[in-house]
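The values are calculated or read from the model by the stated rules, or taken from the named source; none is laboratory data. On a predicted model such as this, the values are computed, not experimentally measured, just so you know. Backbone-built Cβ (ideal geometry, glycine too); neighbour counts: all protein chains shown.
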Amino acid sequence: MENAPSVALESLDTLWFQVAGTRCNLECAHCFISCSPHNDSYGFLTLDVVRERLDESVKWGVRDYYFTGGEPFLNRDIVPILELTLQYGPATVLTNATVLKSEWVERLRRAEEATQYCLEFRVSIDGPSPETNDPVRGEGTFVRAMKGVELLVDHGFLPIITMTRVWEEENDHEVLGQFRNVLREHGYTRPRLKVLPRLKIGAESCRTEGYGQFERVTPELLDGFDTGQLVCSHSRVITDRGVAVCPILLDEPSAIMGQSLGDANRAFPLAHGACYTCYQYGAICTNPSSKPVEA
Amino acid sequence: MKLAFFGGIYNNYLALEAAVYDAQRRGAERLYCLGDLGAFGPHPDRVFPLLYQYDIQCVQGNYDHSIGNDLHDCQCGYTDPRDNWFAQISYDYTYANTSPANREWMCQLPKEIRFEVDGIRFLLCHGSPRQTNEFLWESTTSTHFIERLADQCEADLVLGTHSGIHWQRRLSGDRRFINVGVLGRPENDGRTNVWYTLVDTSRAGQSRAEQGAGLANVGVEFVGLEYDHDRLAREMRDEKLPEEFVETVLSGWWTTCLEVLPGKERRVGRF
């Protein structure tokens, strides 16, 4: 896109790890990087690679670490990876919760107890019932994911249930209310919920529609806008192919900015439709967060 | 020198009065408030005479910035509708009951206060040195991140509040980040007391040259403060503030604005 405004890496606060690459046990119809059991465009990260990157992150003063995929718990090193990370700082792992094992959750609970830092689980479930969730995430996945939630809750975690808005935005209140009730019925008495906007790229662009040509961030839109709301202003992603600008644009050739965090410390043009969603909603990739007070 | 640092007051003038008395009794020579004078409690205008009378130097919190600039909300940045609903009740009440003169006074408060005592460089802020409403929780803030903030702002002791729970982290060179707690409401631990912080530099060096040894000798004490919380609860009910707020004052458990809490901090609470 011509004339796309660029956003500098203002502060490397959050380091993501594409720890399972694009490999997932599910094949969600709305996945913005089309993860599946067969998608190998990005590979797993090893414990050694994560350790090197954590060491590299210290001098950057990274605040927290996020782990995603694909499904992170397909990576056989994920438990030691999270245990190691908690020695450096707080960690959040994004999971579909369908492959969790009790012994893993138990180990992770012990690891969290042993540090001052928090381990957060973000569990992806799209709505309060199989009827809303399963058409998107696959037959039987609602029941399996809820079992994962129960496992986490039984071990004392308070997972953040993260749903992509596969319903109309005006129904948010109703859907969230229903979901809270369902979660309580499953023993999760103080549920934490987060709604994500749809990102109309990858599989989602086939399920519904892609971005229109005018759904782009223009220089005028950034006038007076706090760019701290954009993921690329405060985050980078470690992948097996190098350091990427954000967890959303991995399928874009320009997403890989180099091999080191230093290489990736440069401005990135907001040339993509997904940049517009990030602009519209702000802070979409982080856990519940505050909006900045002023410029 | 002993210095006392008060976090968010949230209209709790009864706790502020008790804190001033307590800090003076313990020998504090200077008193500071790190912002968020309003919210939650009753009678906002009863806070200001105490600030003036006891010469309490104040940093501007996000609440003060909002009230002082006639904004429509507190800029706490909650995204949960229930949290926002309660936050708005609190904000509208505080705005309506803060005099124009006090609003104007809040508007001109500084975003940070810097000074040096006994060779120790202090930086007082509200949320973080870089952003007034940034939440720095103990469980979600890496040590190397705070090292970066302390490096950037060239301070030995960085003091903030905003999140509502006191904690501290020791940094390289014996520097520290200290969240001083808040006077406005209890800490979500089932106890009704609130918290403030005393810093004692009397055993520190007298000059920058001695700072290395001096910083290690700085005393930091978190003070659990009892105050007349029953009276506060009565006054809140008289003002028709939400019963959920009153419950927090009387029980010590947070009932609202819970979404911003990290899992580790939230787990210890009741709600």
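Every listed requirement among (1) away from chain B (no Cβ under 12 Å); (2) part of a strand (DSSP E or B); (3) of a type outside the set (D, E, K, R) is met by A:Val195 save one, (1).
Residues that are among the charged types (D, E, K, R) and surrounded by fewer than 19 Cβ atoms within 10 Å (Cβ to Cβ) were ranked within the stretch B:113-129; the one that is farthest from the chain's Cα centre (by Cα) is B:Glu116. Within the stretch A:140-165, being in contact (Cβ under 8 Å) with a residue 60 or more places away in the chain and more than 23 Å from B:Arg82 (Cβ to Cβ) holds for one residue alone: A:Thr141. Among the residues of the stretch A:227-236, is any in contact with a Gly (Cβ under 9 Å, 6 or more places away or on another chain), modelled with pLDDT of 95 or more and polar (S, T, N, Q)? No, that holds for no residue.
The residue that is surrounded by the most Cβ atoms within 10 Å (Cβ to Cβ), among those in the stretch A:147-172 that are more than 14 Å from chain B (Cβ to nearest Cβ) and out of contact with any helix residue (DSSP H, G or I) (no Cβ under 8 Å at 6 or more places or on another chain), is A:Gly148. Determine if the stretch A:43-54 includes at least one residue that is within 14 Å of chain B (Cβ to nearest Cβ) and either modelled with pLDDT of 95 or more or outside any loop (DSSP other than H, G, I, E, B) (or both). Scanning the stretch A:43-54, I find at least one residue that is within 14 Å of chain B (Cβ to nearest Cβ) and either modelled with pLDDT of 95 or more or outside any loop (DSSP other than H, G, I, E, B) (or both), so the answer is yes. Kindly indicate which of B:Asp92, B:Asp83 is under 30 Å from A:Pro191 (Cβ atoms), surrounded by fewer than 19 Cβ atoms within 10 Å (Cβ to Cβ), charged (D, E, K, R) and more than 11 Å from every other protein chain (Cβ to nearest Cβ). Checking each option against the conditions leaves just B:Asp92. Kindly establish whether B:Glu221 is surrounded by fewer than 19 Cβ atoms within 10 Å (Cβ to Cβ) and not in a strand (DSSP E or B). So B:Glu221 fails the test.
Taking the condition within 14 Å of another protein chain (Cβ to nearest Cβ), of a type in the set (A, V, I, L, M) and farther than 30 Å from B:Val249 by Cα, does B:Ala150 pass? In short, yes. Going by what's in this entry, would A:Glu27 be described as within 22 Å of B:Phe145 (Cβ to Cβ) and more than 14 Å from chain B (Cβ to nearest Cβ)? Criteria not met by A:Glu27. With respect to B:Thr132, is the statement that it is within 8 Å of chain A (Cβ to nearest Cβ) and either buried (at least 21 other Cβ atoms within 10 Å of the Cβ) or of a type in the set (D, E, K, R) (or both) true? It is true that B:Thr132 is within 8 Å of chain A (Cβ to nearest Cβ) and either buried (at least 21 other Cβ atoms within 10 Å of the Cβ) or of a type in the set (D, E, K, R) (or both). Against the list (1) within 18 Å of B:Gly164 (Cα to Cα); (2) free of Cβ contacts under 8 Å to residues at least 12 places away in the same chain, the condition B:Gly38 fails is (2). With respect to (1) within 14 Å of chain B (Cβ to nearest Cβ); (2) surrounded by 15 or more Cβ atoms within 10 Å (Cβ to Cβ), the lone exception for A:Gly273 is condition (1).
Among residues that are surrounded by fewer than 17 Cβ atoms within 10 Å (Cβ to Cβ) and outside any loop (DSSP other than H, G, I, E, B), A:Ser260 is not included. The condition (being at pLDDT 95 or above and under 16 Å from the mean Cα position of the chain (by Cα)) is satisfied by just one residue among A:Leu26, A:Leu84: A:Leu26.
Identify, please: which residue in the stretch B:32-66 is within 14 Å of another protein chain (Cβ to nearest Cβ) and within 17 Å of B:Cys257 (Cβ to Cβ) and is, among those, farthest from the chain's Cα centre (by Cα)?
B:Ser66
Residues that are within 14 Å of chain B (Cβ to nearest Cβ) and surrounded by 19 or more Cβ atoms within 10 Å (Cβ to Cβ): list the helices (runs of 4 or more DSSP H) wholly contained in the stretch A:72-144 that include at least 3 such residues. Because the criterion is at least 3 residues that are within 14 Å of chain B (Cβ to nearest Cβ) and surrounded by 19 or more Cβ atoms within 10 Å (Cβ to Cβ), the helices (runs of 4 or more DSSP H) in the stretch A:72-144 that meet it are A:102-113.
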